[in-house]
Amino acid sequence: MKQNGIVYFIGAGPGDPELITIKGLAILKQADVVLTDQLAHPSLLSVCKPDSTIIHVGKSKGKHSKTQAEINQQLLDFAKKEAIVVRLKGGDPFIFGRLGEEMEWLTSHGITYSVIPGVSSAIAGPGYAGIPLTHRNLSRSVTFITGTTLQGTPIKDIPKTDTLVCLMGYHHLESIVTTLLQTNHLSPSTPIALLSQTTTPNQQDLYSTLGNIVEDAKTTPLPTPILLVIGEVVHCAKTCEWFKKTALSQRVILCRNTGDCNEWIQPLTTHGYDVVHAPVITTEYNPNHQLTPEIIKQSDIILFTSKNAVYFFMQALLSMSLDSRALHNKSIVSLTKPIGETLKTLGLLANYIATNPYQETILTCIPENKLKNKTILYPTSTLAMKTLNDIAQKKGAHVYHHDLYTTRLRSCDYLTIRSDDILVFFSPSAVESVFTQTSWPHPKTAIAIGKTTYKKLKSTTQSPIKLLDSPTPQALIKLLNS
């Protein structure tokens, strides 16, 4: 009998991608299919498998990319294909996330599912603003409500509580305030906070009173999603606010290969940037490579220009029943220090690390007398530039250029790119992928890492382009701040 797959409902957290649970992130990495809403931070999708199917089913006020019935049917259809299906929901799926309806639907069709709760924006949002929802002297109770009924009309019955948190109430703010003043124990002087895009670098806060908030909100409109927090605890934000917003709330899109990108994401995030990893290319081992034990034996120098080249070269060695002992008399050259660190993890030390991390200048780190009449083994990608061959020939060396892995272009159309986002391109193939595989608008600002990438961008887009000479996160941060 055919077995069905499984559906995981995962809470993506309130906006900050690092607030997803460890378990949720682990399952997301295994997913065959991901149905994501618009409140999940887009960088979370970069951890998905290269061959996973990602479908955007986001909902916003007056605009649904998929109806609830369509989402239910997709969950069912994919689960029947024995897939690991993830329904990625912003915040916590149990808090006004319509999780009950989707669970009931799957139950009625005999589909197995599991729920991984998330951090709710109803709790994290006020916390990031310095508002404790309970306080021994100010609030002994807290109530969470939705500002919209099933019919899309404003709510009329609001329970009495010390602290009230309202989700999806911004568009019915005037009606909610009127109801609170008429039927509750609150007064026009009761404090209220409007918290916009909480836990992200774009978080904005508006503080007022119930008597003034409607006019204040018209004067200072905020982007959704917005939380309403009402009660005396709102005053705590004056002294307890800790999440300081900075001017550096720009979103930066890293257009590069799949895989771990934390060495770039963490420094940028620390400096206040909203970082999204867009894995627009993916690499796969090429089992049909022409590398042989004899070629390795004849080589004097082995040149590594990427971490992928290191991993796939070692994979090729093992496939030939060889290991690092086959390199005992070879000089190893690394394009950058991070590649050198990758070599160290595999028990290999680079003899030379390039001072100028570009293919055009990498050989300058090797003394001229160590190059003449030498054979260079260059494990790389099928899409790699072949300019090194001519450069080596001029120095009296010969290059064996071996395609150990294939670079495949990958669409990231599931990511919504804003017009003011800064796109950073890590390779010519990343440029090709973005402008042929996606429908993103041409960026107002593009940054090219390396001269070869810069040339590719110049021939592809009319957008202003900046060249990053040093491929390090610190150099990128300096360029962004300039």
| field | Unmet requirement for residue 91, which otherwise passes all of (1) closer than 29 Å to residue 251 by Cβ; (2) free of Cβ contacts under 8 Å to residues at least 24 places away in the same chain; (3) not assigned by TED's automatic domain parsing to the domain that holds residue 194 | value | (2)
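Yes/no per residue for (1) surrounded by fewer than 21 Cβ atoms within 10 Å (Cβ to Cβ); (2) part of a helix (DSSP H, G or I):
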| site | (1), (2) |
| --- | --- |
| 350 | no, no |
| 383 | yes, no |
| 390 | yes, yes |
| 412 | no, no |
| 420 | yes, no |
| said: Please pick out the residue among 409, 383 that is over 13 Å from residue 255 (Cβ atoms) and in contact (Cβ under 8 Å) with a residue 12 or more places away in the chain. | reply: 383
| message | So residue 290 passes all but one of these: (1) at negative phi; (2) at pLDDT 90 or above; (3) more than 33 Å from the chain's Cα centre (by Cα). Which condition number does it fail? | response | (2)
| field | Matching residues in segment 335-348 - criterion: being assigned to a helix (DSSP H, G or I) and surrounded by fewer than 18 Cβ atoms within 10 Å (Cβ to Cβ) | value | 337, 338, 341, 344, 345
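Results for (1) of a type in the set (D, E, K, R); (2) farther than 30 Å from residue 52 by Cβ, shown as yes or no for each residue.
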{"site": "226", "(1), (2)": "no, yes"}
{"site": "240", "(1), (2)": "no, yes"}
{"site": "252", "(1), (2)": "no, no"}
{"site": "259", "(1), (2)": "no, no"}
{"site": "278", "(1), (2)": "no, no"}
{"site": "287", "(1), (2)": "no, no"}
{"site": "292", "(1), (2)": "no, yes"}
{"site": "296", "(1), (2)": "no, yes"}
{"site": "300", "(1), (2)": "yes, yes"}
| query | Is there a residue in segment 51-71 that is surrounded by 22 or more Cβ atoms within 10 Å (Cβ to Cβ) and in a strand (DSSP E or B)? | reply | no
| message | Out of 92, 37, I need the residue that is surrounded by 18 or more Cβ atoms within 10 Å (Cβ to Cβ), charged (D, E, K, R) and at pLDDT below 90. Which one? | response | 37
| Output for segment 139-167, where each listed residue is modelled with pLDDT of 90 or more and crowded, with 16+ Cβ neighbours inside 10 Å | 139, 142, 143, 144, 145, 161, 162, 163, 164, 165, 166, 167
| request: Examine segment 427-438 for a residue that is within 21 Å of residue 282 (Cα to Cα), under 22 Å from the mean Cα position of the chain (by Cα), touching a residue at least 24 places away in the same chain (Cβ under 8 Å) and in a strand (DSSP E or B), and state whether such a residue exists. | output: no
| field | Count of residues meeting criterion [of a type in the set (Val, Ile, Thr), surrounded by fewer than 20 Cβ atoms within 10 Å (Cβ to Cβ) and within 18 Å of residue 24 (Cα to Cα)] in segment 96-123 | value | 2
| task | Scan segment 25-47 residue by residue and report those that are more than 10 Å from residue 10 (Cβ to Cβ) and not aliphatic (A, V, I, L, M). | result | 29, 30, 32, 37, 38, 41, 42, 43, 46
| query | In this structure, is residue 445 assigned by TED's automatic domain parsing to the domain that holds residue 310, surrounded by fewer than 18 Cβ atoms within 10 Å (Cβ to Cβ) and either touching a strand residue (DSSP E or B) at 6+ places or on another chain (Cβ under 7 Å) or of a type in the set (A, V, I, L, M) (or both)? | reply | yes
| task | Tell me which of these residue 30 doesn't satisfy, since it passes every other one: (1) over 24 Å from residue 253 (Cα atoms); (2) surrounded by fewer than 17 Cβ atoms within 10 Å (Cβ to Cβ); (3) within 20 Å of the chain's Cα centre (by Cα). | result | (1)
| task | Inspect all residues belonging to segment 224-232 and state whether any of them is assigned by TED's automatic domain parsing to the domain that holds residue 430, modelled with pLDDT of 90 or more, surrounded by 15 or more Cβ atoms within 10 Å (Cβ to Cβ) and of a type outside the set (Gly, Ala, Ser). | result | no
| query | For residue 332, all conditions in the list (1) over 24 Å from residue 473 (Cα atoms); (2) in a loop (DSSP other than H, G, I, E, B); (3) β-branched (Val, Ile, Thr) hold save one; what is the number of the exception? | reply | (2)
| Can you tell me which residues in segment 388-439 are farther than 21 Å from residue 46 by Cβ and charged (D, E, K, R)? | 390, 394, 395, 403
| task | Select the strands (runs of 3 or more DSSP E) contained entirely in segment 193-285, then report the ones holding at least 1 residues which are without any contact (Cβ under 8 Å) to a residue 24 or more places away in the chain. | result | 204-209
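The values are calculated or read from the model by the stated rules, or taken from the named source; none is laboratory data. This structure is a prediction, so every number in the text was calculated from the model and none was measured. Counting neighbours? That spans all protein chains shown, and the Cβs are built from the backbone with ideal geometry, glycine included.
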